[in-house]
1. Give just the number: which of (1) closer than 20 Å to LEU47 by Cβ; (2) more than 12 Å from the ligand (Cβ to nearest atom) does ASP93 not satisfy?
2. Being of a type in the set (A, V, I, L, M, F, W, C) and modelled with pLDDT under 95 is the filter here; which residues of the stretch 165-198 pass it?
3. When you go through (1) over 20 Å from the mean Cα position of the chain (by Cα); (2) within 18 Å of PHE88 (Cβ to Cβ); (3) touching a residue at least 60 places away in the same chain (Cβ under 8 Å) one by one for PRO317, which number turns out not to apply?
4. Checking SER75 against (1) over 19 Å from PRO313 (Cα atoms); (2) in contact with a helix residue (DSSP H, G or I) (Cβ under 6 Å, 6 or more places away or on another chain); (3) away from the ligand (no atom under 16 Å from the Cβ), which single condition isn't satisfied?
5. Please go through the stretch 234-268 and give me each residue that is without any contact (Cβ under 8 Å) to a residue 40 or more places away in the chain and among the hydrophobic types (A, V, I, L, M, F, W, C), ordered by number.
6. Which of the residues belonging to the stretch 165-199 are within 16 Å of the ligand (Cβ to nearest atom), over 14 Å from ALA269 (Cβ atoms) and among the small types (Gly, Ala, Ser)?
7. If you take the residues of the stretch 34-58 that are within 14 Å of the ligand (Cβ to nearest atom) and among the small types (Gly, Ala, Ser), which of them is farthest from SER250 (Cα to Cα)?
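The values are calculated or read from the model by the stated rules, or taken from the named source; none is laboratory data. For clarity, every value in this text was computed on a predicted model and none was experimentally measured. Don't worry about glycine lacking a Cβ; one is built from the backbone with ideal geometry, like all the others, and counts go over all protein chains shown.
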Amino acid sequence: MKVSSKPSLTWEILTSRADRPRQEVFPFNTGRCEYFYSARYALAAALDALKLSPQQSILMPSYNCWVEVEPAVRSGAKIDWYRVKTDFSIDEDDLLARIRPETAAIFVIHYLGFPQRLENIHRICTERGIVLIEDCAHALLSNDGDVPLGLTGDMAIFSIRKTVPIPDGGCLLINNPAFSVNRPRRVRPNLFATYFVVSEMLARGSTTEPKRVNQMAYSCNFAFARLARMGLRGIHKIFQDHGDYLVYPSGNHFNEQVKHWMMSDVSSAILRGTEFQRIKERRRANFLHLLDKLIMNDRITLPILSLPEGVSPLFFPVIVQDRDRVYRQLKDQGLSGHDWWGDFHPAVPWDKYPDAVYLKTNVFGFPVHQDLSRESLGIMLAEFSQCL
Ligand SMILES: Cc1ncc(COP(=O)(O)O)c(C=O)c1O
């Protein structure tokens, strides 16, 4: 049995899509979303909208993946950092103590879809005219009580492709009408780039579609896509053109030319047919199942011990010693989890934030996504115990 770390794109999902009415779900139902190739470009547009000067500063969380730091660095503003605790919550005292007259924006991340407490931070931002940006990259479909995550701040970004199996897609929600996106042009993603990612996703296979014939067809198609990409890479080397066809949504790259890209038509069509409520229910059920199975395990630490109403979790975090070995050992058996955030952006003063380093080095994520059954989780749990 294979367990993938992300939900799979199947032929059914790809083809049973556009004719359905769009699902009325936040933030898409606000009519205020601006769509991008991925969330990092949505953040870049949010920061552009602020027109920050080099004297102003952004207050960012010390625990971050890298990708969200890059647009802040590129904005040209100074960056200050605040502490995040080992249960993924913001150290509010530390954050508030670091606000200075130059602070123009505060950036908060709702890690893994779990809401940060924003009452005080939001109040102080309003009082002092500081812009609050919510990073909901992990938090599509998550609520804090009745309030959807992303509705409190002046702006919010979402990485839709982390929750729904689409080849690309992120969005920026602007809640404060004082700001607007200045997008001189909107460009459709390169068709070959989209085709390549779709081929890869189909070929990676699915835990829900074990039909061999289909799998072979997807593998052949992906082999062709890879070959074509190699050829195009050669062309790019010779002609030094933009190389749009080589753009790939994952990894840490920030590509200036992609700033103008929209979400692809394939992603939009899949979103129209997506049953968001079912996704959230499955993720919650899988998370609760893992919590039940792992809470008594004294060889690991659980940084999150409950699942509040309204949360749609990205994955189930555990803190393990020798995380990278455990991750690799499971992966070698076809059981993919998350070695959550192994990359350290050079702009962050890591020596001042041992808690962030601790999380970045030790968090292993059990997938809880919508494709996973109790059976597949059971197999992964059994192997995980063996690895400890
Ligand atoms: C917290 C956070 N913010 C933003 C992003 C950027 O998302 P995307 O990969 O869609 O650009 C990521 C991606 O890993 C992330 O983890």
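1. The number of the failed condition is (1).
2. Step one: filter the stretch 165-198 for residues of a type in the set (A, V, I, L, M, F, W, C), giving 166, 171-174, 178-179, 181, 187, 191-193, 196-198.
Selection gives VAL181, VAL187.
3. Unmet for PRO317, out of (1) over 20 Å from the mean Cα position of the chain (by Cα); (2) within 18 Å of PHE88 (Cβ to Cβ); (3) touching a residue at least 60 places away in the same chain (Cβ under 8 Å): (1).
4. (3)
5. Applying the first criterion (without any contact (Cβ under 8 Å) to a residue 40 or more places away in the chain) to the stretch 234-268 yields 234-243, 250-251, 253, 255-257.
Scanning the stretch 234-268 gives ILE235, ILE238, PHE239.
6. Within the stretch 165-199, GLY170, ALA193 qualify.
7. By that ranking, first place goes to ALA46.
To keep it simple, each residue is scored yes or no on (1) surrounded by 13 or more Cβ atoms within 10 Å (Cβ to Cβ); (2) under 19 Å from ILE13 (Cβ atoms).
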site: SER159; (1), (2): yes, yes
site: PHE179; (1), (2): yes, no
site: ASN221; (1), (2): yes, yes
site: PHE239; (1), (2): no, no
